[in-house]
Amino acid sequence: MDALSQAIRDLDEKRVNELVEEKIKAGVPALEIVKICNEGMVSLGDLFSEGVYFISELIFSAEILKGVMKRLDPLLQATGEGSSAGKVVIGTVKGDIHDIGKNIVVTLLRGAGFEVVDLGVDVPGPKFMETVRRTGARVLGLSALLNLTYPEMKAVAGVAVTVMMLLTVTDILLRAGGRPIIGTFEVVSLLLAVVIAFGIPQVSLDRGHVNMDFLLERLSDRSRRVMNTLTRLFCLILFAFIGGNLFNVAARFKTAGEVSATIQLPFYPIAYGVAVCCLLECCVFAYEIVRIWRRGDDHA
Ligand code: B12
């Protein structure tokens, strides 16, 4: 572990600041310093979940990191190209107040020329949807560090399903009168991608997928855990592969300016959203693997 990560984990604020200065002087990119700090925060978080640290230490760690971010912010902003790249709505979902990571993303997006509408923390699902509609933003970023908040992401999927249903029903009714809503098919197809992508992490966490328990139940406890670990690992690799590829596809859509046939909806924001959700799904699988071995949850 890097000395800076260690100093963060040990809550040694003075040393953290010294090491950050040293790294800046040595020409280490600001984003790389953030990454190193993040490793320290993850390790500190583990100590918290093991009961070694308490909430007071967590709060102190946040203060240390906020100090570091104050120093790094101008450097992060300078990494951008400065062109106007589009509008992004972002926020931390309801029930969650973690915002250090989200603020870094905001800084980077602004630095890269995006116009960012930051809704802050503890933001309810409908507020996200309303802001996207009002601002016409093409990218929506949801930040969530607590597992408990996945239902809020599911709520975004829920709103998308409702819009799909209303649109479809209205379109059918208007079609009867010879006045269909142009573009219904395209909007519904894209919303379907949103529904699947934003719903899938919660489905995995709830184990809402189809399981073949009747086979697993015949195995010994250890073999069952190994089997469960292997399936999660396989899914993790699969989703990482799909997510990675989708980022490339989204970038290609963006460069090529790919839009839908009738109402010219751009494809790339949806592709980016689905890619991010695939990576989130990887986190769920990684968490499941830890859970299988940590808590002896053999049916995980
Ligand atoms: C600091 C911290 C706090 C601070 C937060 C201060 C703040 N203003 O943000 C305080 C003390 C308030 C806090 C409170 C709690 N915390 Co806390 N916290 C942490 C800790 C140690 C670090 C988080 C952090 O800032 N990391 C550094 C940043 C740079 O990384 P990041 O947030 O991951 O962000 C990066 C990426 O995720 C990504 N990213 C983030 N957002 C977005 C958004 C988009 C759109 C994109 C593309 C990318 C992106 O980019 C960022 C830059 O690389 C983590 C440990 C961990 N493993 O993360 C626990 C952790 C998240 N906390 C945890 C818990 C349990 C809590 C509490 C419930 C504790 C309690 N008993 O009260 C409360 C919950 C309060 C609430 N309702 O939200 C658990 C969550 C467990 C879980 N999975 O559900 C963790 C994992 C600790 C642990 N191992 O147990 N916490």
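Within the stretch 22-37, take every residue that is part of a helix (DSSP H, G or I) and in contact (Cβ under 8 Å) with a residue 40 or more places away in the chain and give me the one that is surrounded by the most Cβ atoms within 10 Å (Cβ to Cβ). Only one residue fits best here, namely 30. Before we move on, is residue 138 basic (Lys, Arg) and not assigned by TED's automatic domain parsing to the domain that holds residue 202? The answer is yes for residue 138.
Within the stretch 98-156, the set of residues being of a type in the set (Gly, Ala, Ser) and within 12 Å of the ligand (Cβ to nearest atom) comprises 101, 120, 141, 143, 144. Just one of (1) part of a helix (DSSP H, G or I); (2) modelled with pLDDT of 80 or more fails for residue 179. It is (1).
The set of residues from the stretch 250-274 being buried (at least 18 other Cβ atoms within 10 Å of the Cβ) and aliphatic (A, V, I, L, M) comprises 250, 270, 271, 274.
In the condition set (1) surrounded by fewer than 16 Cβ atoms within 10 Å (Cβ to Cβ); (2) assigned to a helix (DSSP H, G or I); (3) out of contact with any helix residue (DSSP H, G or I) (no Cβ under 6 Å at 6 or more places or on another chain), residue 1 is compliant with all but (2). Criterion first (touching a helix residue (DSSP H, G or I) at 6+ places or on another chain (Cβ under 9 Å) and buried (at least 18 other Cβ atoms within 10 Å of the Cβ)) does residue 287 satisfy it? It is false that residue 287 is touching a helix residue (DSSP H, G or I) at 6+ places or on another chain (Cβ under 9 Å) and buried (at least 18 other Cβ atoms within 10 Å of the Cβ).
The values are calculated or read from the model by the stated rules, or taken from the named source; none is laboratory data. In this text, all values refer to a predicted model and were calculated from it rather than measured experimentally. Glycine gets a Cβ as well: all are built from the backbone with ideal geometry, and neighbour counts include every protein chain shown.
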